[in-house]
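The values are calculated or read from the model by the stated rules, or taken from the named source; none is laboratory data. Worth saying up front: this structure is predicted, and the values here are computed from it rather than measured. In this analysis, Cβ positions are derived from the backbone assuming ideal geometry, glycine residues included, and neighbour counts consider all displayed protein chains.
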Amino acid sequence: MANGSAIPVSLLIDPITDTDGRLIGTLYIATDIRARRSLEEERLRLEQNLMQHQKLESIGVLAGGIAREFNNLLTTIVANATLAVDSLPSNAGEVEYISAINTAAEHAAALCRELLAYAGRGQFIIQPISVSELLHEMGTLLRVATDSLTTVAYQLAADLPAIDADEAQLRQVFMNLLVNAAEAVDETGGEITVTTGRARPSASFSTAFGVGMG
């Protein structure tokens, strides 16, 4: 090019011969293939994006299936532990141990339900949801989604009004936000603070997103 930079070309070389078949020259044809290469790069990018989407979808299906199976097993453990406690005298020493098993199994079952919700294994259900309570319930799942050197602190308002939303979708939004925050934290570790509260949107925000100011 005029500025001295190189451009990709497709080069065709053909011999030039006379009537007796003797080589008398060479024909060179160079074709600018920048547009073709750009299209090829775009095709590869789209293919990679599709493969990544399919991979994530497969992981979601696998995680949902495993979580569902674990949840079924844990439901059985909780049910039998409850029956065992009910069949024993209240002062029996075994009650404490069985109750501990029951509590651990219930926490594990709650984690499985969070995984199922995050994997999107269900239909959209719009219902009143307390954002602070939902974040509190997701504490374990959010903690394991961050690096071991990163700590997560919560400042959750207790008096927030419920919002109408799909719980699984909200869980996914919160998880994505936390993962993005964790990726932005320095490799040596740090703290992520999750805060909920009331805020009145500014006039510019309301205009841009069509939010009412009533």
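Applying the condition of being surrounded by fewer than 10 Cβ atoms within 10 Å (Cβ to Cβ) and not in a helix (DSSP H, G or I) to region 26-68 and asking which residue is farthest from the chain's Cα centre (by Cα) yields 26. Among the residues of region 92-101, none qualifies, meaning not one is of a type in the set (Phe, Trp, Tyr), surrounded by 10 or more Cβ atoms within 10 Å (Cβ to Cβ) and either within 29 Å of residue 176 (Cβ to Cβ) or within 26 Å of the chain's Cα centre (by Cα) (or both). Listed by first and then second residue, the pairs with beta-carbon distance under 7 Å, at least 6 apart or on different chains, first residue in region 182-200 and without any contact (Cβ under 8 Å) to a residue 60 or more places away in the chain, second outside any loop (DSSP other than H, G, I, E, B) and hydroxyl-bearing (Ser, Thr, Tyr), are 182/150; 185/150; 189/150; 190/150; 191/151; 192/150; 194/154. For region 151-169, the tally of residues that are closer than 17 Å to residue 125 by Cα, at pLDDT 85 or above and either of a type in the set (A, V, I, L, M) or touching a Lys or Arg at 6+ places or on another chain (Cβ under 8 Å) (or both) stands at 3. In region 41-73, of all residues being touching a residue at least 40 places away in the same chain (Cβ under 8 Å) and small (Gly, Ala, Ser), the one that is nearest to residue 110 (Cα to Cα) corresponds to 67.
For region 88-200, the helices (runs of 4 or more DSSP H) that sit wholly inside it and include 1 or more residues that are basic (Lys, Arg) are 94-118, 139-144, 167-184. If you go through region 87-140 and pick out every residue that is at pLDDT 85 or above and in contact with a Ser or Thr (Cβ under 7 Å, 6 or more places away or on another chain), you end up with 3.
Scoring residue 11 on the criteria (1) over 26 Å from the mean Cα position of the chain (by Cα); (2) surrounded by 10 or more Cβ atoms within 10 Å (Cβ to Cβ) leaves a single failure, condition (2). Return yes or no: is residue 140 surrounded by fewer than 17 Cβ atoms within 10 Å (Cβ to Cβ), among the hydroxyl-bearing types (Ser, Thr, Tyr), within 28 Å of residue 187 (Cβ to Cβ) and touching a helix residue (DSSP H, G or I) at 6+ places or on another chain (Cβ under 8 Å)? In short, yes.
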